[in-house]
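Worksheet: the structure to be examined is printed underneath.
Only the coordinates and a few stated rules stand behind these numbers; no lab work does. This is a predicted model, so every value here is computed, not measured. FYI the Cβ positions are ideal-geometry reconstructions off the backbone, even for glycines, and counts take in every protein chain you see.
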Amino acid sequence: MTTPPDHLPYTPNDDELLFLRSSGAAQRALDYYLKEDVTGAALDDLLFEVKNDVSDEEALVHASDLLRSAAATAYEAANSAQGNTRDLAFSVVYLIDMAKAMVERSLHVPARENR
């Protein structure tokens, strides 16, 4: 029995394969399954590094600001999209809002404990 051509599995094109090959996530997955010794991310691969003298509170405040900016960006992207793309973009807004709420809550917990 042969499979008719219209039921063949999807085959990615060369551009998609090149993108996947250069993807950090794909490389980590291949390293995990194919290498005996998995190495962590090289320091050269980092886009930025947090200073050692940044306090936990400063880091959380900055993370909250970053999440607010990400939510605004996702919200604007959702407003200009339609259908499933719009739904996915709004789900990102929701996830960012939940993460932001958790960060902001952690900022207020020490103040409550001092009372």
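Given the peptides 57-69, 77-89, arrange them by the average over their residues of other C-beta atoms within 10 Å, most packed first. List each step's numbers first, then the result.
Details: 57-69: 14.4, 77-89: 12.2.
Per-residue Cβ counts within 10 Å, averaged per peptide and sorted highest first, yield 57-69, 77-89.
Given a Förster radius of 41 Å and the C-beta distance between ASP97 and TYR33 as r, what FRET efficiency does 1/(1 + (r/R0)^6) yield to the nearest 0.05? If you can, show how the numbers build up before the last one.
Working: r = 35 Å, r/R0 = 0.85.
Efficiency, from the Cβ-Cβ distance: 0.70.
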